[in-house]
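Some notes on the structure that comes next.
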Amino acid sequence: MLLNYITIAIRNLRKHPLYSGLNIVGLALGIAACLLIFLYLAYETSYDNWNDRADRTVRVASDINYGGSQMGFAVAGAVIGPDCGRELPEVQSWCRFRNRGSYLVRREGELQSNIREEDVLTVDSSFFEVFPVKVLQGDPLHCLTQPNSIAISRSRAEKFFSSPQLAMGQTLMLENEDRRLITAVFEDMPQNTHFRADLLLSLVNDQEVQESPPFWGMNNNFQTYLLLRKGTDKVAFSKKFEQLARQKIAITAQQVMGFSLEEFEKTGQYAHFYLQNIPDIHLHSDLTAELAVNGNIRYVWVFSAIALFILLIACINFMNLATARSSMRAREIGVRKVLGGTRTGLMGQFLTESILVSALSVGLALLLATMVMAPYNELTGRDLSIPWAQPLFWLTLAGGAGLVGLLAGSYPAFFLSAFNAVQVVKGDPSGPGRKKVGFRSVLVVFQFSISVVLILATILVFKQLHYIQTKSLGFQKSQVIILDDAYALGDRIYAFKNEILQNPAIESATVSGYLPVPSSRSDMNFFTSRVIEVDNTVDMQRWRVDSDYFKTMGMDLQSGRFFDPAIRTDSSAVIINEAAAKLFGFDDPLGKKIYTLDNTPGSTPKPEDFKELEVIGVVRNFHWESLRSNIGPLCFQLGRSRGLASFRYTGKDTEAVIASLEKEWKSLAPDQPFSFRFLDDAFNRMYRAEQRIGTLAGLFALLSVIISCLGLFGLSAFTAEQRTKEIGIRKVLGASVLGITSLLTKDFLKLVVIAILIASPLSYYLMGDWLSDFAYRIDIQWWMFATAAVIAVIIAIVTVSLQSIKAALANPVKSLRNE
Amino acid sequence: MIELKDIERYFQTGSLKTYVLRYVTAKILEGEFVSIMGPSGAGKSTLLNIIGMLEEPTAGEYWFLGEGVHKFNERRRAEMYREYIGFVFQAYHLIDDLTVYENLEAPLIYKKVPSAERKSRIADLLDRFNIVAKKDLFPNQLSGGQQQLVGIARALIGRPKLILADEPTGNLQSQQAEEIMSIFQQLNKEEGVTIIQVTHSEENAGYGNRILNLKDGKIDA
Ligand SMILES: Nc1ncnc2c1ncn2[C@@H]1O[C@H](COP(=O)(O)OP(=O)(O)O)[C@@H](O)[C@H]1O
Ligand SMILES: [Mg+2]
């Protein structure tokens, strides 16, 4: 029986190559898209799966509103880990990370050149106790207990020493000055971890830890993990932890600031500490000082929905074409029924057919997915591949193919098998197929609604990106070259800067680690008087710059002046931005005094511990964070910060300018890597996620439009075929080609228009939500909807006309004589 | 075998009822060869369809082998087609996508006849109707007469007790018509198959042993 079903199914497919082709290609596109999306989703949700202790490991996070700014931190003070270990018996072990960014690393000895290592963490010796990373060489429990020890990953061992065995006991030089003895080699950490490290430095005797005040809420610089004992009730533990944190913050308020927690909280300020589950971090956490760019659960949902919708669109094609064609098969069904075929048997036949189509589509989809895997990985920034060797994958795929087959085939199967034999036998074959036009229309409307939503999403995302790129930012992002490792030159960087300024193509140069793109950040408390009060504090960024900074970055003054190297008192001068002026409540900020506090941690501040600064200028607000955030308060002070050097140049002969920079660099520091980037590129990188979303939305829109159009094409071909006789008669009666084309096109166009009406409010709502992520954003305007509508209508008209025109041009005699 | 009591059938268009059959009462015994005759539009096909359970009467009773047909559900009807009834259509109604062989096989598959027996039964009939050479051809590769031969062979292959034929020779030349009629006669005489056919031709009706005349929806005695 089954064999018989299959033979007939195959024959049917081959007999109608157009419909079979449309069905298979449409479904294959849908399945391929689905497959790619689900690979991505499977990866996104697999973060920290490898860690079998993840379920009882938590990270300390905080939500702090202080001095006018509200922030969430993935980091905590150095004291919090040890405090928890001491005061909470559920804590089996704790580990702190200090992320100090990238390091220049080389083997010890002559003629070894530096390599920049990005993934470096300074960690407590308990690292391998808390995280089950496999240690290949060395003692996991004691390898990081010595002050100058380092554990490195297998790939780094192979890179620097050719093998893990050979790396043991060797020495690495960090930043040309810090000698580190390799005491362990560990297996490379998986990519799907919320943090990655290739070099682990021992935190023992770390100066920053030693100088840290013993108060919670201060010096938030350490990612802090707690490994809980087996069987700990996490909910109860969380409560307990939060209580402890409150007590500790009360102590901080009392001893550091001199007032009670209640007084502090009355001003609306607060410091809350809480615990995060490790497996939740990748998709649910987006705090300051995350160890990697995390994913976003919202995109996981959105993409799951898109995947399902695209698949549904493809299934709808199948249903529509199958039911539309049903009149042609009606006779077969009627005849089979009078031969004793049951409804179940007929459904079996049709389902076999659709499952066969689905299986062929899956095959084609696998091929398609493999072909586009490389560009797809580039797009998603992930390293995905089809898990050919996994039985589970094949099982899922087979199950999926069956399910899609059932889904796509169920409606035609029910619908067709219900045909009444007598209608057919009586020679009324066109009857049944036509009646269901209503339902088919609903499905077409559904398909096009989704397509229009995706088209609109694409338009909006790109419009927002365009807005970001062209918005005036308060600084000039183009024509600035950034040299990354400026501090590696030490004080020679200033000689380097002067040398480079000889080049007429270079207009201005500045040395500072602080840039209005991701780079160094540091915030401090500023006071309006020589005393700590509940509400005289502003927490704001303090950037150390040189006097050429403003010219190089192209920033403007609202009032006052920039720093002048000739004026000696400028060392105690400060330039604030408009946001800071507002927060301080200064109407005329020039000449106003603000204070920083520099006392021994824990001691009650005396008036002479406050250092006075005079406001000499107000710089116009510039976007020092992404456009997702409002512009926060910030100030500049003259000072040394040698992290980066930036050069504004004429914008011409870029290559020559870079060549001269490199030449000068090499002559000053032959063994330091030379690396540069452009300020505008660095700016654009902040919106990589949005660019990806935009591109993906565009691709999916394209895909859903293509699949929908395949269906529309099939339907219109079918309608044209079915109405051949009517068309013939109309032509004999004198109808024009245009008249007939529009007759055939009109019906479909109506559906597309309905789809647009449904999709518009839906997109307005969805995209409004997406845009609300941005503090600075475009308005949704009517012309965007109009554009999407016009695109959809044009595509639909073209698709349908291909068939309609053909039908309209056909010689009427032919169709009429056929009867 | 078949008992019709006061069968009535109308079609409703708007509020208007058009009666096609009215007060039709008839009894057909096993082994009869009945021809239904009458002018075009008299309701012959409708009557045959009712007998074939393709249509339901709007009133009246229909007993088939002592069972009330009005109680049959779709499953039971399918069973009837598999076990007792074979159809022959004027327009042949072969399945276009199946070869001659497969067209003949289809009812046997529904009857769950084992494959070896299917083969032998099909070979038998192909041989009997002289169409062995055509077994791998598709219907559209055959002449009308040949298609109808296949249609009859398909009706016979399940060894039905009753064959219903609606103008089986309506589309055929007289020579082919004769051939088919003699097959019917032979079936009726030698195998005792009950046959009910609709026909316009007196000549065809002559092959049978009884004529039902339909006029204005009633049977003329
Ligand atoms: N589905 C239907 N709806 C309305 N009238 C019908 C339908 N089927 C048949 N008829 C009418 O019933 C009458 C009898 O039809 P039919 O049984 O086919 O006649 P015959 O086979 O004797 O030529 C005809 O007048 C026909 O128009
Ligand atoms: Mg008739």
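Side notes on the structure shown:
- Count of residues meeting criterion [in contact (Cβ under 8 Å) with a residue 40 or more places away in the chain, open to solvent by 10 Å² or more (accessible area, probe 1.4 Å) and not in a helix (DSSP H, G or I)] in the range A:127-141: 9
- In the range B:31-45, residue nearest to ligand 2 (Cβ to nearest atom) [restricted to those that are within 15 Å of B:Q197 (Cβ to Cβ) and within 14 Å of chain A (Cβ to nearest Cβ)]: B:S45
- Taken over the range B:90-109, the criterion of being farther than 16 Å from A:T7 by Cβ and more than 7 Å from every other protein chain (Cβ to nearest Cβ) is satisfied by B:Q90, B:Y92, B:L94.
- Where strands (runs of 3 or more DSSP E) fall entirely within the range A:169-230, those with at least 3 residues that are touching a residue at least 60 places away in the same chain (Cβ under 8 Å) are at A:171-174, A:199-202, A:222-228.
- Single condition B:E117 does not satisfy, out of (1) open to solvent by 10 Å² or more (accessible area, probe 1.4 Å); (2) out of contact with any Leu (no Cβ under 9 Å at 6 or more places or on another chain): (2)
- Any pair with Cβ under 7 angstrom, 6 or more apart, that starts in the range B:18-47 at a residue that is closer than 18 Å to B:E8 by Cβ and open to solvent by 40 Å² or more (accessible area, probe 1.4 Å) and ends at one that is within 6 Å of ligand 1 (Cβ to nearest atom) and part of a strand (DSSP E or B): B:T18/B:F11
- Pairs linking a residue in the range A:96-116 that is in contact (Cβ under 8 Å) with a residue 60 or more places away in the chain to a residue that is assigned to a loop (DSSP other than H, G, I, E, B) and of a type in the set (F, W, Y), with Cβ atoms under 8 Å and 6 or more positions apart or on different chains, are A:F97/A:F195.
- Of the residues making up the range A:115-143, those that are more than 16 Å from A:R100 (Cβ to Cβ) and out of contact with any Cys (no Cβ under 8 Å at 6 or more places or on another chain) are A:I115, A:P132, A:V133, A:K134, A:L136, A:Q137, A:G138, A:D139, A:P140, A:L141, A:H142, A:C143.
- Identity of the residue in the range B:50-79, without any contact (Cβ under 8 Å) to a residue 40 or more places away in the chain and crowded, with 20+ Cβ neighbours inside 10 Å, that ends up nearest to ligand 1 (Cβ to nearest atom): B:L54
- Selection within the range B:150-171 - assigned to a loop (DSSP other than H, G, I, E, B), within 13 Å of ligand 1 (Cβ to nearest atom) and small (G, A, S): B:G170
- Here the helices (runs of 4 or more DSSP H) wholly within the range A:276-353 that include at least 3 residues being open to solvent by 40 Å² or more (accessible area, probe 1.4 Å) are A:278-284, A:297-324.
- Some residue of the range A:319-341 being closer than 30 Å to A:L766 by Cα and more than 14 Å from chain B (Cβ to nearest Cβ): yes
- The set of residues from the range B:59-89 being within 16 Å of ligand 2 (Cβ to nearest atom), at the interface with another protein chain (Cβ under 10 Å from one of its Cβ atoms) and part of a strand (DSSP E or B) comprises just one member, B:F87.
- Residues that are among the aromatic types (F, W, Y) and in contact with a helix residue (DSSP H, G or I) (Cβ under 7 Å, 6 or more places away or on another chain) within the range A:368-398 comprise just one, A:Y376.
- The lone criterion from (1) surrounded by 17 or more Cβ atoms within 10 Å (Cβ to Cβ); (2) on the phi < 0 side of the Ramachandran plot; (3) within 13 Å of chain A (Cβ to nearest Cβ) left unmet by B:I2 is number (3).
- Between A:I80, A:I24, A:I31, the distinction of being within 22 Å of A:S704 (Cβ to Cβ), modelled with pLDDT of 90 or more, more than 14 Å from chain B (Cβ to nearest Cβ) and over 28 Å from the mean Cα position of the chain (by Cα) belongs to A:I24 only.
- Among the residues of the range B:211-221, the one identified as touching a helix residue (DSSP H, G or I) at 6+ places or on another chain (Cβ under 7 Å) and either open to solvent by 60 Å² or more (accessible area, probe 1.4 Å) or in a helix (DSSP H, G or I) (or both) is B:I211.
- Top-ranked residue of the range B:194-210 - restricted to ones that are open to solvent by 20 Å² or more (accessible area, probe 1.4 Å) and closer than 21 Å to B:L65 by Cα, ranked as farthest from ligand 1 (Cβ to nearest atom): B:N209
- Taking the listed residues A:S162, A:S153, the one that is among the polar types (S, T, N, Q) and modelled with pLDDT of 95 or more is A:S153, with no other qualifying.
- Residue satisfying condition, being of a type in the set (F, W, Y), in contact with a helix residue (DSSP H, G or I) (Cβ under 9 Å, 6 or more places away or on another chain), assigned to a loop (DSSP other than H, G, I, E, B) and surrounded by 14 or more Cβ atoms within 10 Å (Cβ to Cβ), within set B:Y92, B:Y101: B:Y92
The values are calculated or read from the model by the stated rules, or taken from the named source; none is laboratory data. Small disclaimer: the values here were computed from a predicted structure and weren't measured. Cβ coordinates were reconstructed from backbone atoms using ideal geometry, including for glycine residues, and neighbour counts include every protein chain displayed. These area figures cover heavy atoms from the full protein model, side chains too; ligands, DNA and RNA do not enter into them. Shrake-Rupley method; radii C 1.70, N 1.55, O 1.52, S 1.80 Å.
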